[in-house]
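Comments concern the structure below.
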Amino acid sequence: MESQVTEKSFVQRIQQIQNEFESELNQIKSLKDLEGVRIAYAGRKGVVSSLFKQLGNIPPEERKAAGQSLNLLKQFVSQTIQSRENSLSCRNVKQKIDITLPGEPHYTGRLHPLTQVLREIKLCFQNMGFSIAQGPEVESEYYNFEALNIPKGHPARDMHDTIFVDDNLVLRTHTSPVQIRVMENQSPPVRIIAPGRCYRRDTPDASHSPFFHQVEGLCVDKNVNFADLKGVILTFARHMFGSDMKIRFRPSFFPFTEPSAEYDFSCLICRGRGCRVCKGTGWVEISGAGMVNPVVFGYVGYDPEEYTGYAFGMGIERIAMLLFEIPDIRLFFENDMRFLNQF
Ligand SMILES: [Zn+2]
């Protein structure tokens with residue numbers, strides 16, 4: 001049993017503890033330090049708690065006054081700790097958030113430039129009543145060549161640098177076989193574009209890639225003529241590159257069209273005046289087109305006396321390179337974010 005304690009000495013003790021508490025609190029620098037002080041003073045086995053246990057040793061007539069002083073100490077300790085905790089937390093937040101630091105931008109995904117261009121091409125032709133057709137990338141020689149009037153031994157096969165998968169099976173060298181597949185399954189009128197990937201045994205350089213994307217176009221109906229083809233190509237040119245675009249057709253040869261032509265757009269850079277890109281001609285080559293060869297109609301059972309049609313092709317990379325002024329086709333396939341982020 002502990003000895004008797006007077007109220008006077010008890011209050012002195014309280015005062016002493018309050019002084020110690022305040023001086024300890026003045027030295028702390030972190031929330032962790034503060035927690036140590038809190039446990040020492042306000043914890044279950046802390047100083048304040050042990051003082052409450054000593055109240056019983058004070059003579060009963062003095063106990064009430066001693067208790068009031070102790071309650072005041074208890075209140076002071078808890079309020080002071082609380083307010084110190086608030087100010088420390090506040091300071092920590094200030095340390096964490098330095099508003100002068102540069103921001104960290106969030107990376108946002110975007111569409112590949114070829115996807116963007118393809119979507120625009122599709123939109124343009126859909127507006128003119130064309131629908132989208134697709135075909136396999138692994139194609140039989142029949143669809144890739146024969147039915148397009150390119151029989152075995154035809155010199156045009158050499159131009160295609162074909163990748164063979166198996167006997168009679170190739171990676172399609174153009175999207176033209178989709179024409180045959182569509183016409184086999186559909187009676188005229190036909191008005192389709194067929195976008196897709198093509199493959200050729202090319203060594204990659206600034207303008208060649210062993211795989212690339214084409215859009216094939218085909219329209220077959222009664223009384224379709226070359227002027228319709230020119231109108232569609234002109235509408236496309238102006239949709240993609242602006243209303244002042246001009247087009248021109250030059251005679252050419254493709255086995256599956258007769259007559260055949262290659263078509264050019266007026267140079268996007270100099271708008272026809274002549275520059276380095278167009279080699280001073282004012283024109284840039286786009287691709288080939290022509291009236292569907294009646295021989296091809298023979299393969300799909302269309303009557304060439306009743307129907308005529310035109311077909312055209314274009315490289316999506318070619319259009320994108322002109323549109324965005326991209327100098328090297330390989331950039332599309334290297335997945336370099338510095339390149340892709342520009343679109
Ligand atoms: Zn030019």
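Overview of values
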| item | result |
| --- | --- |
| Calculated FRET value between Lys222 and Ile132, using beta carbons and R₀ = 30 Å, to 0.05 | 0.80 |
| Under 22 Å from Lys222, Cα to Cα: lysines that are on another chain or at least 8 residues apart | Lys230 |
| DSSP beta bridges in the stretch 217-343 [antiparallel fraction, %, rounded to 5] | 100 |
| Amide H contacts under 5 Å for Ser131, placed H, 5+ residues apart | Arg191, Ile192, Ile193 |
| In the stretch 1-67, the GluC sites (Glu not before Pro) that fall in loop regions by DSSP, at most 10 other Cβ within 10 Å | Glu2 |
| Dipole in debye (nearest 20) - the chain, about Cα centre, beta carbon charges: Lys, Arg +1; Asp, Glu -1 | 1860 |
| Unmatched cysteines, the chain - criterion: no other Cβ of a Cys under 4.7 angstrom | Cys90, Cys124, Cys198, Cys219 |
| Exceeding the 23 Å Cα-Cα cut-off - candidates Lys246/Lys279; Lys32/Lys53; Lys32/Lys74; Lys8/Lys64 | Lys32/Lys53 |
| Taking Thr162, Thr257 and counting other C-beta atoms within 10 Å, the order from fewest to most | Thr162, Thr257 |
| Residue (of Val11, Ala65, Gly43) at the positive-pole extreme of the stretch 7-96, dipole from beta-carbon charges | Gly43 |
| The chain: relative contact order in percent, alpha carbon pairs under 8 Å with at least 6 residues between | 14 |
| Lys/Arg +1, Asp/Glu -1 at C-beta; the stretch 243-322 dipole; positive extreme among Gly288, Ile247, Ala261 | Ile247 |
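None of the figures in this text is laboratory data; all of them are computed from the coordinates on show. Every value quoted in this text rests on a predicted model; they were computed, and no experiment measured them. Backbone-built Cβ (ideal geometry, glycine too); neighbour counts: all protein chains shown.
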